[in-house]
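Take a look at the structure set out below.
None of the figures in this text is laboratory data; all of them are computed from the coordinates on show. Predicted, not measured: the structure shown is a model, and the values here were computed from it. We place every Cβ from the backbone using ideal geometry, glycine too, and count neighbours over all the protein chains shown.
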């Protein structure tokens with residue numbers, strides 16, 4: 001199995017040369033170093049590295065960012081190394097030692113079609129606070145918004161199968177947000193992945209890192225939230241349709257049946273069924289909920305399929321799964337709204353609508369995960 005090493009570097013020092021020596025000693029035969037517009041006084045390190053026949057140095061005249069450096073390397077390998085199996089991306093400051101790389105490569109050997117990610121342990125006491133906090137927050141956000149479960153979302157140690165070089169070379173992003181887009185691509189294209197525990201190494205409290213904890217974190221979360229924003233926007237659109245139709249129908253039925261704003265004698269559907277009774281208040285909530293949900297669900301299905309998840313599965317199969325979810329949601333929505341408005345609070349009119357808003361927001365949170373994992377389950381690629 002032929003493996004390349006990709007090392008994006010900006011303004012190196014002796015640590016890069018020490019790490020390079022360890023790679024050469026370990027027997028790696030294809031090492032791609034990308035000089036990402038480093039200062040003139042550091043160029044001699046690249047010249048020293050380029051002396052080795054195992055090393056290829058690619059150069060950006062100006063600093064373009066880590067993402068751009070990785071894409072340059074992926075494009076180069078896709079064109080110049082058609083016979084290799086994959087590539088390991090590493091940082092050039094020594095934070096990824098040989099043992100970490102070998103652990104990931106061992107897993108890659110077992111699963112050559114999968115991306116392997118080196119995951120650091122952020123529970124240790126000696127981890128810098130900014131790294132510990134950032135990864136804890138991002139891990140939760142990525143799992144919910146993107147659908148990828150990782151302990152370490154900011155790892156730079158990744159083994160990429162050669163079949164994905166061209167795909168990863170075309171991913172948007174030039175700096176650290178590019179690595180976030182890599183994870184989103186893995187999730188969207190259903191590329192199998194594994195996270196392998198690696199040693200957590202911080203040299204001089206991570207002082208050599210070019211990661212700006214504020215500026216770069218904002219860029220990363222903008223990428224993730226931009227992805228999630230599409231779902232929020234389509235959901236808000238269909239939700240407005242749902243609430244609008246519900247309110248209009250409730251007002252029409254209220255006028256037809258002369259329903260009062262406060263209904264102290266009303267009851268919930270469950271109690272009504274037990275007593276074999278029915279009233280206009282329950283009927284109004286049921287009719288308005290059903291009609292509103294049918295219309296809004298149709299709008300939501302079309303928007304989510306085309307705009308958010310870009311589903312390529314058979315539309316019939318997807319529609320069936322969506323229908324099942326929609327039925328479950330409308331049942332839960334009706335039961336909860338009916339119980340709260342008729343059985344507990346005894347209210348109708350605008351307060352009824354507000355209660356429905358709260359109920360549907362909670363159901364929305366659960367619906368997103370179900371749609372991403374089950375309804376619009378795009379096939380690999």
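Give, in nm to one decimal, the length gained when the segment between residue 328 and residue 123 is fully stretched (0.36 nm per residue of separation minus the Cα-Cα distance). Numbers along the way, then the final one.
Details: separation 205, 0.36 × 205 = 73.80 nm, distance 3.91 nm.
Here the segment from residue 328 to residue 123 would lengthen by 69.9 nm.
How much length is gained on full extension from residue 98 to residue 47, taking 0.36 nm per residue of separation minus their Cα-Cα distance?
Working: separation 51, 0.36 × 51 = 18.36 nm, distance 2.28 nm.
So the extension gain works out to 16.1 nm.
Using per-residue counts of other Cβ atoms within 10 Å, averaged over each peptide, order 67-80, 21-34 from highest down.
For the peptides 67-80, 21-34, the packing ranking is 67-80, 21-34.
Across every pair of different alpha-carbon atoms, what Kirkwood hydrodynamic radius in Å does region 1-114 reach?
The Cα-based Kirkwood calculation yields 14.3 Å.
What share of Cα pairs, in percent, lie more than 22 angstrom apart in region 77-186?
Details: 2097 of 5995 pairs.
Looking at region 77-186, the distances longer than 22 Å represent 35 percent of pairs.
Computed FRET efficiency, Cβ-Cβ of residue 248 and residue 370, R0 25 Å: what is it to the nearest 0.05? Write down the numbers at each step before the final one.
Working: r = 28 Å, r/R0 = 1.13.
It comes to 0.30.
Tell me the relative contact order for region 3-213 as a rounded percent, counting alpha carbon contacts under 8 Å between residues six or more apart. If you can, show how the numbers build up before the last one.
Working: 356 pairs, mean separation 52.5, N = 211.
Reported relative contact order: 25 percent.
Restricting the calculation to Cα positions, tell me the Rg (one decimal) and the Dmax (whole number) of region 3-213 in Å.
Looking at region 3-213, its Cα Rg and Dmax stand at 16.1, 47 Å.
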